[in-house]
Amino acid sequence: MRKKWFILRTMAGFEQSAKENLETKIKSTGSDRFFGRILIPEETILDATSKSIKRYVVSLNAKIVVKNGSDVLKGDLLAEEPSIHARHAGTIVNVRNYRKILVETIDRKYSKTYFLPEGSKLESGIKIGARIKQGMPLTKDFEYICELDGKIVENERVKRVEVQREDGEIDIYHIPLEVFDAQKVSKGRKVKNGELLAEGRKICSDTNGRVEIVDLGTRKEIRIAKTHKRKLFPGYIFVEMMMNDETWQFAKNVPNIIDFVSSGGQPLELKPREARLILRLAGLETYEEKAKPVKVEFGFRVGDVVKITTGPFEDFAGVVREIDPEKQELRVAVTIFGRETPVTVKTSEVERIE
């Protein structure tokens, strides 16, 4: 008997549990020959709003292993910074805890990196995204002062390693804390020219999402717009099976399953065209578009009032006039010098004003 596709109704919100319960019962009773695939078709939703974007700062020398527009899963490698090698032979004379603070001007043309000893204690408010003015203290002891107006884009804990060369000069290395190895780098230890001091820092995604890579001149930024799955048919699962009286009762008596979708008292068999659609939606059968389509939800509508959060028009507010879902861009009318001016911004660069 050939397996055919049928639909099972489940308790609302328990589709995954019903699927797992059915799979467990099939496996534990050795009924595999009667059942095939069990599917919960889902669509991928891309949240392109500014607040959902995760940002990762990398250096211009970093090796980026993802591409613009690609999809990543939580834990996937995005980029790897270069490893750190000794520039000259010498002896490690000091290893101290420091903080790396990167300040960038609003127009992103200039940046300044500060290395601050942890003992000096950061001034309150020194965190990623905070605005800062020239002359403001970076540490509570006022030993370190900001030299430009801008925004803090990086705040990282590092180890400052000082290596005294044979000619008496000091080489300084700043090793990210997450790749620092006290076995390789410790006070009094001698190092050779070119010796590996630390592996390159790996940057991994901490969310599922769609990649956007932005070159900002002084650095690169990998932005991940979060994605999530949404069930296309809430309250239903699809099962490939040989239908007879025994398998009918077997499947419908599984916890969280209510019954088969029926017609005239008999389980309704999916037509081949319908079964093909379910397989395509589940990504198990290809069609002209080889990849599963991704639905984009911007959370923006024409007429919404938004605030631009980054770039040359940062802090300007305006009204959304046009939406381009394909490019993930908005056409926003802002008032500049008393005149309404349309500007194009990425959806990741604005926030809706409630």
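Bear in mind that the values in this text are calculations on the coordinates, not laboratory data. Worth saying up front: this structure is predicted, and the values here are computed from it rather than measured. Heads up, the Cβs are rebuilt from the backbone with ideal geometry, glycines too, and the neighbour counts pull from every protein chain shown.
Looking at the square roots a ≥ b ≥ c of the eigenvalues of the Cα gyration tensor of the stretch 56-132, which shape do they give, rounded for a/c under 1.5, prolate if a/b is larger than b/c, or oblate?
oblate
Show which aspartates and glutamates lie in cross-link reach of K271 when reach means a straight Cα distance below 17 angstrom and same-chain residues fewer than eight apart are skipped.
Once the sequence-local aspartates and glutamates are set aside, what remains near K271 is E240, E285.
Going highest first, how would you order 95-104, 69-78 by mean Cβ packing within 10 Å?
Those peptides, ordered most packed to least, come out 95-104, 69-78.
Using θ = phi - 60° and the Karplus form 6.51 cos²θ - 1.76 cosθ + 1.60, what ³J(HN,Hα) does each residue of the stretch 189-200 get, whole Hz, x for Gly and Pro?
Values per residue, Gly and Pro as x: 7, 8, 10, 9, 4, x, 5, 6, 9, 7, 5, x Hz.
With everything on Cα atoms, drop me the angle between helix 272-281 and the longest principal axis of the chain, reported from 0 to 90° to the nearest 10.
The two axes meet at around 20 degrees.
Under a GNM of the chain (C-alpha, springs under 10 Å), which listed residue has the highest mean-square fluctuation: A333, A18, A62?
Top of the fluctuation ranking is A18.
Rounded, prolate or oblate for the stretch 84-199? Axes are the square roots of the Cα gyration tensor eigenvalues, ordered a ≥ b ≥ c, and the cut-off for rounded is a/c under 1.5. It would help to have the intermediate numbers written out before the result.
On the way: a/c = 2.34, a/b = 2.16, b/c = 1.08.
Taking the square roots of the gyration eigenvalues as a ≥ b ≥ c, the stretch 84-199 is prolate.
Under 18 Å Cα-Cα from K192, which lysines qualify once same-chain neighbours fewer than 8 residues away are excluded?
K184
With point charges of +1 on the Cβ of Lys and Arg and -1 on the Cβ of Asp and Glu, referenced to the Cα centre of the chain, which listed residue (G194, F180, F250) lies farthest in the positive direction of the dipole?
Toward the positive end, the furthest listed residue is F250.
Suppose a student asked you for the relative contact order of the stretch 84-199, using Cα pairs under 8 Å spaced at least 6 residues apart; what percent would you report?
Numbers: 262 pairs, mean separation 45.0, N = 116.
Relative contact order comes out at 39 percent.
Placing +1 on the Cβ of each Lys and Arg and -1 on the Cβ of each Asp and Glu in the chain, which of P41, F260, G303 has its Cα farthest towards the positive end of the resulting dipole?
The listed residue farthest towards the positive side: F260.
Per 0.36 nm of contour for each residue apart, how much would the distance between D141 and Q249 grow if the chain were fully extended, relative to their Cα-Cα spacing?
Values: separation 108, 0.36 × 108 = 38.88 nm, distance 7.55 nm.
Value of the extension gain: 31.3 nm.
According to the square roots a ≥ b ≥ c of the eigenvalues of the Cα gyration tensor, what is the shape class of the chain, taking rounded for a/c under 1.5, prolate for a/b larger than b/c otherwise, and oblate for the remainder?
oblate
For the cross-link pairs K226/K307; K109/K187; K63/K140, which exceed 27 Å when the distance is taken from alpha carbon to alpha carbon?
Violating the 27 Å limit, Cα to Cα: K109/K187; K63/K140.
Quick one: which residues, 5+ away or cross-chain, put their amide H under 5 Å from the amide H of H85? H built at 1.01 Å from N.
Under 5 Å from the amide H of H85 lie the amide H atoms of L197, each far enough along the sequence or on another chain.
Using a cut-off of 21 Å between alpha-carbon atoms, which lysines can reach K25, once sequence neighbours fewer than 8 places away in the same chain are excluded?
Result set, ordered by chain and number: K3, K4, K252.
Can you give the charge dipole size of the chain about its Cα centre, rounded to the nearest 20 debye, using +1 on the beta carbon of Lys and Arg and -1 on the beta carbon of Asp and Glu?
Its charge dipole is roughly 480 debye.
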